[in-house]
Amino acid sequence: QVQLVESGGGLVQAGGSLRLSCAATGRTFSNHVMAWFRQALGKVREFVAAINRSGARLYYADSVKGRFTISRDNAKNTVDLQMNSLKPEDTAVYYCAAAERFILAVSVEGYDYWGQGTQVTVSS
């Protein structure tokens, strides 16, 4: 079992920045691929970014590429999402996810553990 707790959400104006953090406890953090997903009101949960076990491989959704950066600290058991140049369409609940696998996944089904989510609201 892995427990994930997100923090760092809030209200920001368009063009601003936020940094989300996810703290993991339980099974060995460095054995897990980590990812961020988001779900806007009335929409399906969508992939945002993923990072492999070592942190050497990153993958982003086209909608956030160049604006968001995912990173992890295996010593602290955390994964962060730095979000810059935020847009109103980035408004959503953001979820941290983990999977004990080698290969990055971009689907909800690829992840076994989920946090409770943190709200990000970007005003225009």
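When the solvent-accessible surface of protein heavy atoms is calculated with a 1.4 angstrom probe, in what order do Ile103, Ile51 fall, highest first?
From most exposed to least exposed: Ile103, Ile51.
Counting only residues 5 or more places away or on other chains, whose amide H sits under 5 Å from the amide H of Arg27 once H atoms are built in the peptide plane?
Val2, Gln3
List, in order, the whole-Hz ³J(HN,Hα) value for each residue of segment 75-80 obtained from phi through the Karplus relation with A = 6.51, B = -1.76, C = 1.60 and θ = phi - 60°; use x for Gly and Pro.
6, 9, 6, 10, 9, 10
Once phi is turned into ³J(HN,Hα) by the Karplus curve 6.51 cos²θ - 1.76 cosθ + 1.60 with θ = phi - 60°, what whole-Hz value does each residue of segment 109-116 show in order, with x for glycine and proline?
5, x, 10, 9, 10, 9, x, 7
Which of the lysines could a cross-linker span from Lys43 if the Cα-Cα distance has to be under 29 Å and same-chain partners fewer than 8 positions apart are dropped?
By straight Cα distance, Lys43 reaches Lys65, Lys87.
Among Ser30, Ser71, Ser63, which one moves the most in a GNM of the chain with springs linking Cα atoms closer than 10 Å?
Maximum among the listed residues: Ser63.
Using a 1.4 Å probe and ignoring any ligands, DNA or RNA, find the accessible area of Val44 and quote it in Å² to the nearest 10.
Only protein atoms counted, so the area is about 120 Å².
Using DSSP, restrict attention to beta bridges with both residues in the chain and report what percent are antiparallel, rounded to the nearest 5.
Numbers: 38 of 42 bridges.
Looking only at bridges with both residues in the chain, the antiparallel portion is about 90 percent.
Are there any trypsin sites (Lys or Arg not before Pro) in segment 33-124 that are in a DSSP loop and have at most 16 other Cβ atoms within 10 Å? List them by number.
Lys43, Arg57, Lys65, Arg67, Lys76, Arg101
How big is the C-alpha Rg of the chain next to the rule-of-thumb value 2.2 N^0.38 Å, as a ratio?
Normalised Cα radius of gyration, the chain: 0.97.
Counting only heavy atoms of protein chains, what accessible area per residue, in Å², does the chain have with a probe of 1.4 Å?
Averaged over the residues of the chain, the accessible area is 51 Å².
What's the percent breakdown of Cα-Cα distances in segment 1-52 across 5 Å bins, shortest bin first?
Going out from 0 Å in 5 Å bins, segment 1-52 shows 5, 14, 20, 26, 21, 9, 5, 1 percent.
Where in segment 89-113 does the amide nitrogen come within less than 17 Å of the point 7 Å from the Cα of Lys65, taken along Cα to Cβ?
Those under the cut-off are 104-107.
Using Stokes-Einstein with the Kirkwood hydrodynamic radius over Cα pairs, what translational diffusion coefficient do you get for segment 58-107 at 10 °C and a viscosity of 1.306 mPa s, in µm²/s rounded to a whole number?
The Stokes-Einstein estimate is 126 µm²/s.
Based on the Cβ-Cβ distance of Lys87 and Val5, what FRET efficiency does E = 1/(1 + (r/R0)^6) give at R0 = 41 Å, to the nearest 0.05?
That gives a FRET efficiency of 0.95.
With only Lys, Arg, Asp and Glu charged, each at its Cβ (+1 for the first two, -1 for the last two), find how big the charge dipole of the chain is about the Cα centre; round to the nearest 20 debye.
My answer is approximately 180 debye.
Compare the Cα positions of Tyr94, Gln1, Ser71 along the charge dipole of the chain (+1 at Cβ of Lys, Arg; -1 at Cβ of Asp, Glu; about the Cα centre) and return the one farthest towards the positive end.
Positive-end residue among those listed: Ser71.
Considering the chain as a Gaussian network with a 10 Å cut-off on Cα pairs, which listed residue, Gly26, Gly16, Gly42, attains the greatest mean-square fluctuation?
Greatest mean-square fluctuation among the candidates belongs to Gly42.
Considering only Leu11, Leu104, Leu41, give the residue with the highest GNM mean-square fluctuation for the chain, with springs between Cα atoms whenever their separation is below 10 Å.
Ranking Leu11, Leu104, Leu41 by mean-square fluctuation puts Leu41 first.
Using modelled amide H (1.01 Å from N, peptide plane; none on Pro or chain starts), what sits under 5 Å from the amide H of Arg101, excluding residues fewer than 5 places away?
Residues meeting the amide H criterion: Val33.
The values are calculated or read from the model by the stated rules, or taken from the named source; none is laboratory data. Predicted, not measured: the structure shown is a model, and the values here were computed from it. Positions of Cβ are backbone-derived with ideal geometry, glycine not excepted, and every protein chain shown enters the neighbour counts. Accessible surface is based on the protein model in full, side chains and every heavy atom, while ligands, DNA and RNA are left aside. Shrake-Rupley method; radii C 1.70, N 1.55, O 1.52, S 1.80 Å.
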